Each structure stands twice: as C-alpha cells, then as structure tokens.
1. From the Cα gyration tensor of the range 617-751, with a ≥ b ≥ c the square roots of its eigenvalues, which class applies: rounded if a/c is under 1.5, or else prolate if a/b is larger than b/c, or else oblate?
2. Each label point is 7 Å from the Cα along the Cα-to-Cβ direction; what then is the distance between the points at residue 601 and residue 435, in nm?
3. List, in order, the whole-Hz ³J(HN,Hα) value for each residue of the range 104-119 obtained from phi through the Karplus relation with A = 6.51, B = -1.76, C = 1.60 and θ = phi - 60°; use x for Gly and Pro.
4. Between residue 672 and residue 494, what is 0.36 nm times their sequence separation minus the Cα-Cα distance? Round to one decimal in nm.
5. Quote to one decimal, in nm, the extra length available between residue 133 and residue 156 on full extension: 0.36 nm per residue of separation minus the C-alpha distance between them.
6. Excluding same-chain residues fewer than 8 positions from residue 395, which aspartates and glutamates have a Cα within less than 20 Å of its Cα?
7. Counting only protein heavy atoms and a 1.4 Å probe, tell me what percentage of the chain's accessible area is made up of carbon and sulfur.
8. How much FRET efficiency would the formula 1/(1 + (r/R0)^6) give for residue 750 and residue 622, where r is the Cβ-Cβ distance and R0 is 30 Å, rounded to 0.05?
Amino acid sequence: MNMRKKLLLVAVMLTALCGKSFACGWDEGDWYYYNLFNQEIMSDERYRPFLLVYGSRYYTNDTLRNGNIEEWRQYLGLSYEDTQYLVFKASREDLQNLSKGKAVLDGNMSFATASFMKKHKQALLYLAYAKYLEPYMRIIPGESADFYWDLPEYEYNAGDLDYDKVKSVLTRSWNAESDKELKLRYGYQLVRLAHYTRRYQEAVQLFDQYVEPLKMRTEMYYYALCQKAGALRGLGETVEANREFIQVFANSYDLKTLAYTSLTLGWDNDIDFADFVAGAADNNERNDIFFMMGYSDFNNPVNEIEKIVATDPDAIQAKVLMVRAVNMIERRMLPSEPNWEQEGNNSLYPFLSPTDTESRDFFNQALRLSDTQRDKASDKNFWNLASSYLHFLNKDFDLAGRCLDNVQSTKDDYLDMVNHLGAYLDICRQPKINADVEYYLFDNYAELIKGEENYNYNYAYNTFVGLVLANRYALQGERAKSYLTLHHIVQITDEPTEALVDDVQAFLNKKKKTSLECYLADNSTLEVANPNNYLSYIKGVLRLTEGDLKSAKSLFEKQTRLQVSPLIFGHNIVVYFSGDEEEIMHGEYIDDFPFIHDNMSELDVTDALIQLQKLGEKKGDEAAKANYLIANFFYNVSRTGYYRHYLRFDDNNGFSYWKFGPDAKAYKNTLELSNAYLEKARKTATDRELLAHIIFAQAKNAQQLEEQNASYWTYKMVVPHEQFNEFDQYAGTIYHSVVSSNCIYYRDYHN
C-alpha cells in the first residue's frame, strides 16, 4: 500500500457521507439494515462516534460523558449531574453570588452549602468569568482562504470583546492562582481568546507560556492544545498542526471528533503519512493514526486493523474498526429487500452474489483476520463473537457455533448477542421449512419471528428472521407463505398479479395449519374483515382491467370499495387532474342510458359496462354511443385518465410514479381496450356530432399512447396528425367548435 495519503477535504467529506467507495457504494441507508452485530459491544465509549453510520458524519453517542465535567466533578466532589448543572446551566449571577458566600434561589443548586462555597470560592470565581466569556468564544469570521468553513452566524464573536482588558484579567488571575488545575483553565482561556481573535502566533506563545509549563496532561490540557493546533493551522504550519491534532485525538475524551475533523481539513498533498506514524509519541498514538486512516479510507479498514494488531493484538482501535467492517459486510449481505433469484448456486439468504468479487474478497480478508485474532488477542470474547457472526453469514454454521461456544463473557450486551446469534444459527441451518420445523420454530422463536408487534408496512422493518423464512419459502415454491411472512394482504395491491392472489387465497383457506402458518394467516389479515372477499375484489379489478366484464362482475358481488359518479363514462378535452370532475369531465350521451346512475360501486359500473356492451352489438347510433361510453371508461381509468386511480387501488388521482409512471408494469394500461371500443363505435355511427366525439377520442388515445411510450424524462408534444386530419372534416359541428377553443394540441396542429 502506498504510504502517501492524499486526503483532501472534498474527498473526505464525500467519502464519509455519500461516496461510491467500498462501504458507501452499497448505499444501504441506516434504517435499512438489522445491526445484528451490535457495534456498541466495543468497550471504549470514547470511540463510539466512529462506529458505522451513513446518515450523518458521526455515530450518535448519547451515553458519552463529558470529560471536562468529569474533571470538574472530581475537583468539586459533586455528582456528575450537579456538576453539569453548575458548569453549563447555572446563571453567571448565581455563580457570582456563590463565590461571595451568598445563597441562591435556584433549587437545582442545593448542593452549594456554606462549606462548599467557602472551599471552592476560587473555582466559582473562575466559572463566573468563564460564563461571561462563553457567548463570545467564536472565531472572528475571516477570508474564505482559511480553513474555517460554513461558520454559523452567531450574535457575538471574540472580536466583540476588549481583547487587552480580558487578556489582562486572565493573566492576573493565572498569576494569582495557586491551584494548578485552575491555572490550567485560565491558560486555556488565554490561548482560546488569542486563537479566536486570529492572533495565531500569540496563541502559540501563550500556550507555551501559560499551559505547557504546568505539565498537566488532563482533559483541559488537550482543550488548550486543540486551540494551539488551530492557531498553527491558521499560520499555515499544517504539519505541526496535524501532529498536535493527533495528540488531541489520541488523548482527549471529548475532542476526538473535533480533532479528526480538523485533521482531515489539514491534510496536505505533500504530507507523508509514514512520517506521522514514525513520529507517534507512543503505541496508542500510533494505533490512533492507523485508526483514523481506516476510518477515513472506507475502501478497506481491514488493512489498517492488520497494522494495528501486528504490534498490539488487544488495541481498542482494532475492535472499533472491526465492528465497522462487520457492519459494512452485514449491510451488503443482509439487504432488507433482497432478490431471491440472486445468481449462483446458493441463494439461501444471507448471500453474496458470486459476481461481487470485491465484496467477497473483503469478507474473506475480514474473516481471516478475525479468526487469527481469536488466538492472538487476550480478549478472545470479542473476536470469537466477530468470527462466529462472519462464519454465520458465510453459512458455515458448525464453525460459527463453535466460535459462539467460546464466548464466555458475562456482559449483558455480549450475552444478548450470544443468545440472538444462537437463535439465528438454529433457524438458518434448517434445510427445509416443513410442518415439524414450523412448529419447532414458532414454539422456540415466536418473538423473533413476530418482531415489532405493531405491524409496519415499510419493508425496512421486516425482521431478519422473517426474511430468512420468506427466502426459504420462496425457494420451496411456497409463494403465498413467502409473501405473507413479509406483507399484509392489502399490500398485494402494490404489485397485483392474479397468480399471487390465487396462491394467497389457497393458503388462507387451508384447513389444517401449523402454529406458524396460523400466525402468518392471522397477522397478515389484521385490517381486512373478510380476506376471501377482499381477494375476490382484487381479482375483480384485475379482470376489469383485462376487459373481462362478466368475470369481474361475479367477483365484485362479494365486495366493492369505491363509489364513483356517472362521469367515469364521460370524456375530457384537457388532460387535467386537480380540478373538480364537474369542471373537467363532460357527460354527453350518458343520460341516454338510465342504468348509469349516481354513486356507482364497482359492481354497478361493471354491470353498466355489460349492458352497454350488449347494446353495442347492435347497429346504429345507439350502439355507437354505448361503445363510445365504454371506450371513455377505459380511457378514463388509463394512466393518464382523470379516474386513473380507479383500477389501481387508490383513493385519488394524485400522481404516483410506481402506479402511473411509464415503468408501472404491474398495472395494465387500458388504452388498447379503449381503442377497440372506439373502432366498434365508429363502424355503426352515422350522426356527425357523435362521429366528431369518436374521432377526437381516437386522437386522444393516439396522443397518450405515443407520449407514454416516450422517455419519461424527455417531454415532447405529440400531435396525432392522422386523426386530426379526419377531425377537420367535422368542422361546423358543435363539438368541433368546443375542441378548437380548448385543445392546445389541435390549435398547434393548425398553426
């Protein structure tokens, strides 16, 4: 590996957030994986912000205690909560009163007894002055050439202070103070003030004068060192600044993310990474340098783990990078919306595609390293658990079980993972999910199978065990159980097929079910009063989209859903979806057929279509009108019809790409049916007004078919010339006049 690392700000930010690197290229969002291998089992919470997360730069770490507050807690002899309140929330006025021995009314500071105030007078004086300074401790906004980017606009900044006056107060206080801890805090304030007022050289000098001589390597020392490093960077001394930031990262409790961010901003193309490794103050700092590279360079963190464990098998940095690596692998191998027809011989979930050689190589490298560490490291529990999990993903269940048996930890998070992984091993190693296995699984793992009690339709919340079962059922050809393991039956309408409806219906009507099958049947039908009737309704809609009116009617006799107006048999001139139907739709010829009435159900609509179909078999204008209305119906329920939602199980015609877009393969477009009935209407029509309606309707169909077949992203106005040529022959009819006034396509055709 080339030791010269060129980490520019843009590259690092893109890699950390959305880059197409080894990890982020998988692009599994943070809510779309299962986190079966709990990252937080690594023991040092200071590194928790660096666990794997794609939605933000750093992992949420609500449990991390503040190192500064911990030092104050030990100094003041208070609880962590009381110390935190005193330092961060108490008012300056109350702090000043406490320093004078005066009681305060704030009930949260009942700990401030007379003896406490007397003993800690100097500390209270410092806190009161720090409270005064804090609102101003923002760097003065400067030129874009420096390394400070996107600074928020604060009400105050350090430039609003009288620098000489504040410096004088801090210097006098430092000189007068005999307590080294308080002296260090005054020194920190001096360095910070100079840095934030962009007196960079003075900030470095103040650190050397007021901080370094105290020889205290506490958290506050690294607070001050971080300020010095920022000043060095402001001076353009990048190498020196980065060496200081590395010290801050390696030793600070609070400032690891700040130091890391500052380091990535300060890398220079001419900096040799090997020099930083060679210049590490100790082994821990060296490990942190490798860790930061493994964290930044998402392409392969295992390379950096290998360097760390070569000299320090028990390094915490190796464990942190390992849990990140394992979770990278998990996100790749446990997709929450998997393709069961993955190429390759072994499609048992979890799986890696055999064509994904990069992921497979990374997986094998991580597994080899983990297995090696099981022998080398003193903390064998962590590495046995990591190896067990990786062997489990590799479907080497026997070896995974042996590794798991070697985990002897009594920690709750370890025990929880051991129990869950043992259950996953037991479930996944079942060669076939037959009736006996179903009884066994539901008796022993019902809670894992059920997952969240509140059913959520988002596939991201499918349980891992549910996906395993769905995969096995799919491979066994049990399509209904595979589907219902992950879905409620109302979700069939997302991508409906009659074959799936038939399979689900057969499963639900199965007489003797296992306990697991009973759960699947009951859980998947929670929101449906009568599953058989509901499935018949879905099938009826599918039959209607095919134009099978008689069959659709018999199915709708069991259940219907929508009420619709007679205008579903009407027509429009302008393709428009937001207006009221009375303004958009026109109802010529509907009143000629009294069986078309208000508030029709799907059954009523289908019955009306059947009656129109019978009339359409006759001759003359009445038959033409009947076929014209049927054609209108099938146009109106097409992807661009005003009632486009009607046969797509939706409640309104608001746009949905997956239902109305050009790739909506699950829903048949009905324009072809509309065309067929228009042709029938035209053959028997004699009335010029009626023929004008029919020919313009054919023009609309031609235009919509052409546009829908065009690219979704390339809009073009399609003019149906052939039909408009014919429509010109009906000049003088009322309908021709209406169309000429309202149809932009027709006007453009003539222009």
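1. Verdict is oblate for the range 617-751.
2. Those two pseudo-labels are separated by 3.8 nm.
3. 10, 7, 5, x, 6, 10, 5, 5, 7, 6, 4, 5, 5, 5, 5, 5
4. 61.8 nm
5. Residue separation times 0.36 nm, minus the Cα-Cα distance, leaves 7.2 nm.
6. Partners within reach: 330, 337, 341, 343, 356, 358, 361, 371, 405, 426.
7. Using a 1.4 Å probe with all protein chains present, the chain comes out at 47 percent carbon and sulfur.
8. Plugging the Cβ-Cβ distance into 1/(1 + (r/R0)^6) gives 0.35.
The values are calculated or read from the model by the stated rules, or taken from the named source; none is laboratory data. What you see is a predicted model, and the numbers here were worked out from it, not measured in a lab. All Cβ positions, even for glycine, are placed from backbone atoms using ideal geometry, and neighbour counts span all protein chains on display. The area values use the complete protein model at the heavy-atom level, side chains included, leaving out ligands, DNA and RNA. Shrake-Rupley method; radii C 1.70, N 1.55, O 1.52, S 1.80 Å.
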